[in-house]
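First comes the structure, then the notes that go with it.
FYI, it's all coordinate maths here, none of it is from the lab. Since the model is a prediction, treat every value here as computed from it, not as a measurement. Virtual Cβ from ideal backbone geometry, glycine too; neighbours counted across all protein chains shown.
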Amino acid sequence: MSFLNKHTVLILGASGFIGNALYKELCPYFNTFGTYNTSNKEFEYNQHFFQYNVEEDDIYTILEVVKPSIIISALRGDFSAQVIAHQHISEYIKTHQCKLIFLSSSNVFDAYSKYPSYELDKTLSESIYGHFKIKIENMLLRLPKMKVAILRIPMVFGNQCPRVKEIKQLLFNKEPIEIFPNIIMNVTTDYKITQQIHYIINRNKYGVFHLGSIDLVHHDEFIKDIVGLVSNNNAIYKQVFTTNQDRYLAVLPKYNKLPKHLQITSTKVLEELKK
Ligand SMILES: NC(=O)c1ccc[n+]([C@@H]2O[C@H](COP(=O)([O-])OP(=O)(O)OC[C@H]3O[C@@H](n4cnc5c(N)ncnc54)[C@H](OP(=O)(O)O)[C@@H]3O)[C@@H](O)[C@H]2O)c1
């Protein structure tokens, strides 16, 4: 089997910010397919894209057509519908030679505030989003362990990212930008995530990965750094205090580390935004 044909990859949410960056990264190397939800001519004419609405369509139909050996879940949409879709994906994984890479979030630890979190820490969340990610993670952790990679991701930045676009728009409109001075977090870029996932596929890695920068930043300082990069205008900030004390929302690797060239620092994240 040639290298090119080694895997058939299906990206759920391939029209999204991270999913689309992944599609572009993996397409030259693997037989890559993707789903989109919002009607869009570009994807309609691409035979490798399937329109899929998690609330209305059964993912099993697409799985039976594509027969993926790797599924990457980079979806948004109704939480209950996503849970059901991942139940169906789990059934497929159990009965086929297929692995799932699930994009989870640092929010699975958002009920803990005093320390950064590591891969084996018990998840606990006080948000609906965090609860939902934990529910899917727990379902996936019951599958054969070599068939699942759970990627816990912090805030993602990039030139195409909705967050940076929003900051630019707020600056343009002279509207306030929200900053959270109490939050200490780590960060990453869509580009680094695509490199990390490519490596996880090539090396057949599995388990839980914490894919944040190796250093931590204060939310307010980091956003101000971004503002400094994208504009010379004076920004208006709205400080939001969720607690009196500093609060960590950071996922650091300890047990399942990727090689050095796949790690990232917050300075590198800012450098990528300059490009
Ligand atoms: N961005 C971050 O900072 C971040 C951080 C941690 C974890 N994550 C996780 O990474 C994943 C991707 O995030 P993202 O920021 O790339 O999201 P995004 O840009 O909003 O993309 C979401 C994708 O899901 C699709 N989608 C939305 N509603 C859907 C529905 N009802 N049915 C089927 N598909 C639907 C979208 O399709 P259309 O665009 O075609 O409608 C798009 O392809 C998510 O699971 C998110 O929880 C993201």
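Going 7 Å from the Cα of D225 toward and past its Cβ, which residues in segment 248-275 have a backbone nitrogen under 15 Å from where you end up?
264-275
Which lysines have a Cα less than 20 Å from the Cα of K145, not counting those fewer than 8 places away in the same chain?
K94, K99, K122, K133, K135, K205, K254, K257
Taking the Cα centroid of segment 1-70 and of segment 245-275, what is the distance between the two, rounded to the nearest whole Å?
Distance between centres, Cα-based: 27 Å.
Cross-link candidates for K274: which lysines have Cα within less than 17 Å, leaving aside residues fewer than 8 places away along the same chain?
Correct list for K274: K165, K168, K192, K224.
Note the direction-averaged projected area, equal to a quarter of the hull surface, for the Cα convex hull of segment 52-168, in nm².
8.6
If r is the Cβ-Cβ distance from N46 to D215 and R0 is 51 Å, what FRET efficiency results, to the nearest 0.05? Present the calculation step by step, with values, prior to reporting the outcome.
Values: r = 39 Å, r/R0 = 0.76.
Computed FRET efficiency for N46 and D215: 0.85.
Work out from phi, with θ = phi - 60° and the Karplus expression 6.51 cos²θ - 1.76 cosθ + 1.60, the ³J(HN,Hα) of each residue of segment 209-225, listed in order in whole Hz, and give x for Gly and Pro.
10, 9, 9, x, 4, 7, 10, 10, 9, 7, 3, 5, 5, 5, 5, 5, 4
Using only helices, what value at 222 nm comes out for the chain when you add -39,500 (n - 2.57) per DSSP H run of length 4 or more and divide by the total residues, to the nearest 500 deg cm²/dmol? Walk me through the intermediate numbers first.
On the way: 9 runs with 98 residues, N = 275.
Taken over the chain, the calculation gives -11000 deg cm²/dmol.
For F30, enumerate residues with amide H under 5 Å from its amide H, sequence gap 5+ or separate chain, H modeled in the peptide plane.
Amide H to amide H, under 5 Å and 5 or more residues apart or across chains, F30 pairs with nothing.
Rounded if a/c is under 1.5, else prolate if a/b is larger than b/c, else oblate: which is segment 100-161, with a ≥ b ≥ c the root eigenvalues of its Cα gyration tensor? Could you put the intermediate results ahead of the total?
Details: a/c = 1.74, a/b = 1.15, b/c = 1.51.
Judged from the Cα gyration tensor, segment 100-161 comes out oblate (a/c at least 1.5, b/c at or above a/b).
Quick check: from the Cα gyration tensor, does segment 231-275 come out rounded (a/c under 1.5), prolate or oblate? Mind dumping the intermediate values first?
Numbers: a/c = 5.84, a/b = 1.29, b/c = 4.53.
Because a/c hits 1.5 or more and a/b fails to exceed b/c, segment 231-275 counts as oblate.
Taking each pair of different alpha-carbon atoms in segment 57-125 once, compute 1/r for the pair, average those values, and report the inverse of that mean as the Kirkwood hydrodynamic radius in Å to one decimal.
On the way: mean 1/r = 0.0719 Å⁻¹.
So the Kirkwood estimate lands at 13.9 Å.
Restricting things to alpha carbons, find the Rg to Rh ratio for the chain using the Kirkwood radius for Rh. Present the calculation step by step, with values, prior to reporting the outcome.
On the way: Rg = 18.8 Å, Rh = 19.5 Å.
When Rh is taken as the Kirkwood radius, the ratio is 0.96.
What's the longest piece of the chain with no exposed chymotrypsin sites (Phe, Trp or Tyr not before Pro), counting a site as exposed if DSSP puts it in a loop and it has at most 12 other beta carbons within 10 Å? Please list the in-between numbers first.
Values: sites that count: Y45, F241, Y255.
With chymotrypsin sites (Phe, Trp or Tyr not before Pro) excluded where exposed in loops, the chain gives 46-240 as its longest stretch.
Please name which of M155, I183, Q97 has its Cα lying farthest along the dipole of the chain towards the positive end, using unit charges on Cβ (Lys, Arg +1; Asp, Glu -1) and the Cα centre as origin.
Checked the options; the winner is Q97.
Along each of its three principal axes, how wide is the spread of alpha-carbon positions in segment 103-207, in whole angstrom units, largest first?
Its Cα atoms span 52, 32, 21 Å along the three principal axes.
Fewest Cβ neighbours within 10 Å first, please rank T194, T35, T189 accordingly. Write out the running numbers ahead of the final one.
Numbers: T194 19, T35 25, T189 22.
Least to most surrounded, the residues fall as T194, T189, T35.
With only Lys, Arg, Asp and Glu charged, each at its Cβ (+1 for the first two, -1 for the last two), find how big the charge dipole of segment 154-270 is about the Cα centre; round to the nearest 20 debye.
Values: 14 positive and 9 negative charges, 99 e Å.
The calculation lands at about 480 debye.
May I ask you to compute the full-extension gain from Y237 to R203, defined as 0.36 nm times their residue separation minus their alpha-carbon distance, rounded to one decimal in nm?
Working: separation 34, 0.36 × 34 = 12.24 nm, distance 4.39 nm.
Going from the current span to full extension adds 7.8 nm.
Report the charge-dipole magnitude of the chain in Debye, nearest 20, computed about the Cα centre from +1 at each Lys and Arg Cβ and -1 at each Asp and Glu Cβ. Before the final figure, lay out each step's value.
Values: 31 positive and 26 negative charges, 189 e Å.
In total the dipole reaches around 900 debye.
Using θ = phi - 60° and the Karplus curve 6.51 cos²θ - 1.76 cosθ + 1.60, what whole-Hz ³J(HN,Hα) does each residue of segment 64-75 get, with Gly and Pro shown as x?
Residue by residue, segment 64-75 yields 5, 7, 6, 6, x, 9, 9, 10, 10, 9, 10, 8 Hz.
May I ask you to compute the full-extension gain from T95 to C27, defined as 0.36 nm times their residue separation minus their alpha-carbon distance, rounded to one decimal in nm? Don't skip to the end; give the middle numbers.
Numbers: separation 68, 0.36 × 68 = 24.48 nm, distance 2.57 nm.
Gain on stretching T95 to C27: 21.9 nm.
Please state the shape class of segment 1-108: rounded when a/c is under 1.5, otherwise prolate if a/b exceeds b/c and oblate if not, all from the C-alpha gyration tensor.
Working: a/c = 1.40, a/b = 1.14, b/c = 1.23.
It is rounded, given that a/c, with a ≥ b ≥ c, falls under 1.5.
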